[in-house]
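**Student:** Sending over a structure as structure tokens; questions will come in a sec.
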Protein chains: 2
Amino acid sequence: MSTAAEAPPPAELPPTAWAVLGLLSFERELSGYDLKKWADNSLRFFYWSPAASQIYAELKRLERLGFVTSRIAAQDDLRNKRLFAITPAGLVAIRGWVQHAPVEPPMLKHGVALRAWLGHLADPARLREMVAEHRDNSAALAEEASNAAASAAITKGWEYPALVSRWSQRYFEAEQRLAAEMLNDLDELAATLGDARRRR
Amino acid sequence: MSTAAEAPPPAELPPTAWAVLGLLSFERELSGYDLKKWADNSLRFFYWSPAASQIYAELKRLERLGFVTSRIAAQDDLRNKRLFAITPAGLVAIRGWVQHAPVEPPMLKHGVALRAWLGHLADPARLREMVAEHRDNSAALAEEASNAAASAAITKGWEYPALVSRWSQRYFEAEQRLAAEMLNDLDELAATLGDARRRR
DNA sequence: GTAGAAATAGTTCTATTAGAACTATTCTCG
DNA sequence: CGAGAATAGTTCTAATAGAACTATTTCTAC
């Protein structure tokens, strides 16, 4: 039997639902389309970019749970849009999740690493090329994250997002450095394997 | 009209299919169960751990495409198992993929970062606790990756996987360092926000 | 000034992926 | 010998990514 003394467990929802609700905790009202844009600009780096389809599906569910409300707003004589806002119940729920839900381990999907792991199937020069490209992409992302951090820092209430953007920036800088080291390792290995082949 | 001069494009398959096929390019024959274990030990860090259900589904598809063959092997009088092996066509296909398929950008899902991004909804002490836990987990993973690198390094033909394990190790070390820096930033922000609140 | 391209807004469909659950046999150790 | 962990294999469901699709609107070139 359950007793009233137990703290209510945080509602069971996928991380995407909480990310969407979290976005709404910064703003008064947003449409699904706005949400997608905000997500792409803010969550992109350290977490991820939920697909538009996911955002719409989660909004539907959050509304059913009473965590958001929506209203139709006429923007001109022909088109309408649906604007969503977080409810007090939604605010309680997300606070509970941030503080009490078990934290899922970070997960990385790294296509370059997968290909390097299959290096015995590739031309060493081609492999080098892929890792070098990855290094340059990381540099570009570090730059973008730095800009995001700067623009978040000047907006009141966005101090934590700014912090996370800086975290991302450093993360991409590390990725860049690691790729450079990988290139050295790759060259060394190619030399060793090349020697062995020549000696045969 | 297609001409015979064009190089055949690499078969369109999800990364998981190539990872499974790649695993088979190291070994003679493996069962679905073996594959799952190998994947958990080798791909886990830098790429990911495909679910057992995915491995079985991909094996079915790879067999339909002629990239693997299977045979039933009796292990005792009651149980049988199906052993899979890569075919010459499979070897050609995966070489093509490793070298010529466009590389998907790395993607990260970071629950700790998501919660830090929603820091305005949490108790600063609880947030600190989560980041500190993440730092310690990263240290443990660095250790595991280091062990994986050492055991791969002594096996002939596993030079590239050993390289990737070392890459992972450094990656987790960087993650550990970044988490430590994040703790400082968090403390600074808490001080600033606390000051502002007190001044009011 | 108008045809066509690109951008904005919103939604739906499909395939991939993760993870839990489930069956069934065998090994282990108290 | 009995409980429970390990091995082997499969299936189901939910989450997720990404492409496609409809429909307006604004921009740009002729």
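**Student:** Looking at the structure I just gave you, is A:ARG82 more than 21 Å from the chain's Cα centre (by Cα), more than 7 Å from chain B (Cβ to nearest Cβ) and within 13 Å of DNA strand D (Cβ to nearest atom)?
**Tutor:** In short, no.
**Student:** Pull up region A:157-176, narrow it to residues that are among the charged types (D, E, K, R) and open to solvent by 20 Å² or more (accessible area, probe 1.4 Å), then point me to the one that is farthest from the other protein chains (Cβ to nearest Cβ). Talk me through it step by step, then tell me what you get.
**Tutor:** So the first thing to find is which residues in region A:157-176 are among the charged types (D, E, K, R), and the list is A:159, A:166, A:170, A:173, A:175.
Adding the requirement that they be open to solvent by 20 Å² or more (accessible area, probe 1.4 Å) leaves A:159, A:166, A:170, A:173.
Details: A:GLU159: 6, A:ARG166: 7, A:ARG170: 6, A:GLU173: 9 Å.
Of everything passing the filter in region A:157-176, A:GLU173 is farthest from the other protein chains (Cβ to nearest Cβ).
**Student:** Let me ask something else. When you scan region A:32-129 for helices (runs of 4 or more DSSP H) that lie fully inside it, which ones turn up with 1 or more residues that are within 21 Å of B:PRO105 (Cα to Cα) and basic (Lys, Arg)?
**Tutor:** A:32-42, A:111-117
**Student:** Can you tell me which residues in region A:130-172 are more than 17 Å from the chain's Cα centre (by Cα) and acidic (Asp, Glu)?
**Tutor:** The answer is A:GLU133, A:ASP136, A:GLU159.
**Student:** Of everything in region A:177-188 that's of a type outside the set (Asp, Glu) and free of Cβ contacts under 8 Å to residues at least 40 places away in the same chain, which residue is nearest to the other protein chains (Cβ to nearest Cβ)?
**Tutor:** Once the filter is applied, the top-ranked residue is A:LEU178.
**Student:** Going through region B:123-143 one residue at a time, which ones are closer than 19 Å to A:ARG95 by Cα and open to solvent by less than 20 Å² (accessible area, probe 1.4 Å)?
**Tutor:** Scanning region B:123-143 gives B:LEU127, B:MET130, B:VAL131.
**Student:** Could you tell me whether any residue of region A:30-42 is small (Gly, Ala, Ser), surrounded by 14 or more Cβ atoms within 10 Å (Cβ to Cβ), modelled with pLDDT of 85 or more and touching an Asp or Glu at 6+ places or on another chain (Cβ under 6 Å)?
**Tutor:** no
**Student:** Also, I was wondering about something else. What single numbered condition from (1) in contact (Cβ under 8 Å) with a residue 60 or more places away in the chain; (2) of a type outside the set (Gly, Ala, Ser); (3) within 27 Å of A:ALA179 (Cβ to Cβ) fails to hold for A:ILE94?
**Tutor:** Failed condition: (3).
**Student:** From the list A:MET182, A:MET107, which residue is open to solvent by less than 70 Å² (accessible area, probe 1.4 Å), hydrophobic (A, V, I, L, M, F, W, C) and more than 23 Å from A:LYS37 (Cα to Cα)?
**Tutor:** A:MET182
**Student:** For region A:137-156, which positions are free of Cβ contacts under 8 Å to residues at least 60 places away in the same chain, within 12 Å of chain B (Cβ to nearest Cβ) and in a helix (DSSP H, G or I)?
**Tutor:** A:ASN137, A:SER138, A:ALA140, A:ALA149, A:ALA153
The values are calculated or read from the model by the stated rules, or taken from the named source; none is laboratory data. Source: prediction; values computed, not measured. Cβ atoms come from the backbone with ideal geometry, glycine included; neighbour counts cover every protein chain shown. The accessibility values were calculated without ligands, DNA or RNA, using every heavy atom of the protein model including side chains. Shrake-Rupley method; radii C 1.70, N 1.55, O 1.52, S 1.80 Å.
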